[in-house]
Each structure stands twice: as structure tokens, then as C-alpha cells.
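The values are calculated or read from the model by the stated rules, or taken from the named source; none is laboratory data. Predicted model only: the values in this text are computed from it and were never measured. Every residue, glycine among them, receives a Cβ derived from its backbone with ideal geometry; neighbour counts consider all protein chains shown.
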Amino acid sequence: MTPKLLIIRLSSIGDIVLTSPIIRCLKQQTENAEVHFLTKEKHKDLVRANPYIDKLHLYNSNLNEIVQQLQQEKFDYIIDLHHNIRSQYVKQHLRKPAYTLRKLNIKKWLLIKLKINILPNIHIVDRMFDAIAPLGIKNDKKGLDHFIPEEDEFDLKQLPKDFHKGYVAIAIAGTYFTKRLPADKHLETISQAEVPYIILGGKNERPMAELIEQQTKGKVLNLCGKLSINQSASIVKQARLVIANDTGLMHIAAAFKKKILSIWGSTTPELGMTPYLAHPASQQQRVPGLKCQPCSKIGRHQCPKSHFRCMQEQNTTEMAQWILSNY
């Protein structure tokens, strides 16, 4: 018998990377398993090189069309790691036994709105394993995976010579403003820890990255908007250290067991999305004692208190000391 499994996680970058231990353990611990993965078309590069996925299903906007394709596969089980309206729709139409991640939205709401923390002290990856425990799958404790296609591996010889012997990768992106460390705080940190830096992000981060690059006199290389997600991952993989907001490249860095300085603003580690089984020298950087934190589970376009203390008061001296002691 060949059990056929469908894993659902439609978005986003970090969340998809966080599913990688589930994919690996299902494939390795289920005899003759055929593992399929459903995600959005725009995120296919995150999983297309994963050797534990037998078939990839890509969703654009036509849910009925993808459901019809999935019905032809005749799955034995569904593992829903997204747990939203779309994944629910897929499950209802496939009519197969399903194992679903509990999102704990009410408990998250209590923490964010009322600052009542009754969330379990458990990482989301471990909660995913709880969801599939009835299948007999155990966490192998090997952490996250990220597989880079050979053609996307970045040759460091393409960089200026000053970056050949080592650099710190800075992932400045963040879907929302309140998850991004401001440029002036990066500049303060860089001025206190003078090592080579490569800034990674999308086109939206280019203006901020250009400002940092212009004021650091050759210490910083701005690659924002110039690389694919897997090329950026390759830069992260080859970095000595990684500085990252609560964003996708932070989780990719954890997959490569990098030393990570993760910076926390409107979201916090209590929400269960920290770098999973990261290098032991990794550090979580946050402003202590803020009663307004967290103010969101995903981030905001502006600070609801108008002071943005969670980022504006980050201790750049501590950050620089961590860089110098770990570089």
C-alpha cells in the first residue's frame, strides 16, 4: 500500500518554511508515502527543490479548479497546516480524513488585546506535530529544511573582494511597517560593529537599503530587489551571521543553523514563531517592559500608539556587541 498524503500551506514565506519538518518526517516515517504539497503559485520556489515532496500543486485564484485537480489524486489523508477558509473548502470537497493545525486565535486575541497570556509555551512547529500525532509521526528534532536549486546558488566571487572572507546578512524586509527595524537603528548598529554587511529584501526595501548603503562608505552591499528568494537564501546560507526582523528569511536562516539576531517589534516570541531550533548563539532582541507589545500577530502598517517604542528603543549597543562577539 502507498499512502497518499496532501499537505496544505498556502502562504507565506516563513510559514511555508516552518512546515518543512512535517514534510520530512511524514515522508521518512510513513512507509512508501507519496507526499503532495499545496501552496500558492508565487511561493513555489520555496518548495520545488524539496526532495521529500513527490508532487507540488499550485493555487492561483481559482479554488474550484485546483479542487478538481486534487480530487483526481484520491488522497488517503489531508494535513491542513493553514486552517483558513480556503483550506477548509479544499477539505470539504475532498472528503478525506484530515489533521488540522489549531491556530489558537482566541488565545492570541487575549494576549494582543487584553495582554492576558494563556498561550501554551510551545513553538508552532511543535503544534504542527501535535496535529499529526494520531498518524504516529514523531518530531526528529532536526529542525527546519530549505533546499536551494543548484542554479540559484550564489557564487560569492560575484561580490566585491571585501565580502569574500565573510559578512553579516541583514534581512530588512517585513510585510508590515511595525515589524521593520528603522534605517537609523541599523546605521547605529553598523557604526559600532564595523564588519561587511549585505542587505537583503525586495524592491519595496530598496529606498531604505540605499539610504543605509550611502551612509556607510563601502561597508554595506545593497542587494534588495536584485535576487530571487533562493538566491537570497544562498546569501544567508553563506553568511557568518544573520540579522533579521520577524520575517521569512529569519526562518530560512534557522534552517541553515545560522547564528541569528532576531529583532522583535509589534510581534513577539510569545506568539510561537521564533527561529526554530536555531544555532544556540542566536539572540532575540526586544525592548523590555513594553506593556503595548505585542499589538498584532502579523504586524501593522503603523504604530497604534504613535510612538513605535518597540523598534525605536532597540538597544543597538547590545546588537553591535553580539555581532562583534559572534563574527
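Assorted remarks:
- With respect to the stated conditions, Asn62 is over 18 Å from the mean Cα position of the chain (by Cα) and either buried (at least 17 other Cβ atoms within 10 Å of the Cβ) or more than 27 Å from Glu153 (Cα to Cα) (or both).
- For region 219-256, a residue qualifies if it is farther than 25 Å from Thr316 by Cβ and free of Cβ contacts under 8 Å to residues at least 60 places away in the same chain, and the qualifying residues are Gly225, Lys226.
- Criterion applied to Asn105, Asn84, Asn117 was being surrounded by 12 or more Cβ atoms within 10 Å (Cβ to Cβ) and out of contact with any helix residue (DSSP H, G or I) (no Cβ under 9 Å at 6 or more places or on another chain), and the one residue passing it is Asn84.
- Once region 126-149 is narrowed to residues that are in a helix (DSSP H, G or I) and within 21 Å of the chain's Cα centre (by Cα), the residue that is surrounded by the most Cβ atoms within 10 Å (Cβ to Cβ) is Met128.
- Restricting region 196-234 to residues that are among the hydrophobic types (A, V, I, L, M, F, W, C) and not in a helix (DSSP H, G or I), the residue that is farthest from Leu324 (Cα to Cα): Leu227
- Scanning region 218-244 for residues that are of a type in the set (D, E, K, R) and either closer than 21 Å to Ala255 by Cα or modelled with pLDDT under 95 (or both) yields Lys219, Lys237, Arg240.
- For region 160-175, the set of residues classified as out of contact with any Lys or Arg (no Cβ under 9 Å at 6 or more places or on another chain) and surrounded by 23 or more Cβ atoms within 10 Å (Cβ to Cβ) consists of Ile170, Ala171, listed by residue number.
- Region 11-42, residues that are buried (at least 20 other Cβ atoms within 10 Å of the Cβ) and closer than 16 Å to Leu63 by Cα: Phe37, Leu38, Thr39
- The residue list Leu135, Leu63, Leu144, Leu70 contains one member that is touching a Phe, Trp or Tyr at 6+ places or on another chain (Cβ under 7 Å) and either closer than 19 Å to Thr2 by Cβ or charged (D, E, K, R) (or both), which is Leu135.
- Here Thr274 clears all of (1) of a type in the set (Ser, Thr, Tyr); (2) in a helix (DSSP H, G or I); (3) in contact with a strand residue (DSSP E or B) (Cβ under 8 Å, 6 or more places away or on another chain) except the condition numbered (2).
- A count restricted to region 150-195 and to residues that are part of a loop (DSSP other than H, G, I, E, B), touching a strand residue (DSSP E or B) at 6+ places or on another chain (Cβ under 9 Å) and of a type in the set (A, V, I, L, M, F, W, C) stands at 6.
- Any hit, region 54-61, residues being of a type in the set (Lys, Arg) and without any contact (Cβ under 8 Å) to a residue 60 or more places away in the chain: yes
- Selection count, region 202-227, where residues are under 24 Å from Gly299 (Cβ atoms) and either in the same structural domain as Ala49 (by TED's automatic domain parsing) or in contact with a helix residue (DSSP H, G or I) (Cβ under 6 Å, 6 or more places away or on another chain) (or both): 6
- Region 236-293 - residue that is surrounded by fewer than 19 Cβ atoms within 10 Å (Cβ to Cβ), touching a Phe, Trp or Tyr at 6+ places or on another chain (Cβ under 9 Å) and of a type in the set (A, V, I, L, M, F, W, C) and, of those, farthest from Leu144 (Cα to Cα): Val287
- Within region 7-55, the set of residues being among the aromatic types (Phe, Trp, Tyr) and under 17 Å from Lys138 (Cα atoms) comprises Tyr52 only.
- If you go through region 91-102 and keep only what is in a loop (DSSP other than H, G, I, E, B) and either more than 23 Å from Thr30 (Cα to Cα) or under 25 Å from the mean Cα position of the chain (by Cα) (or both), you end up with Leu101, Arg102.
- Residue count for region 181-200 under the criterion of being crowded, with 24+ Cβ neighbours inside 10 Å and under 17 Å from His301 (Cβ atoms): the result is 1.
- Of all residues in region 105-117, those being touching a residue at least 40 places away in the same chain (Cβ under 8 Å) and not in a helix (DSSP H, G or I) number 2.
- Region 36-62: number of residues that are over 13 Å from Leu10 (Cβ atoms) and at pLDDT below 95: 1
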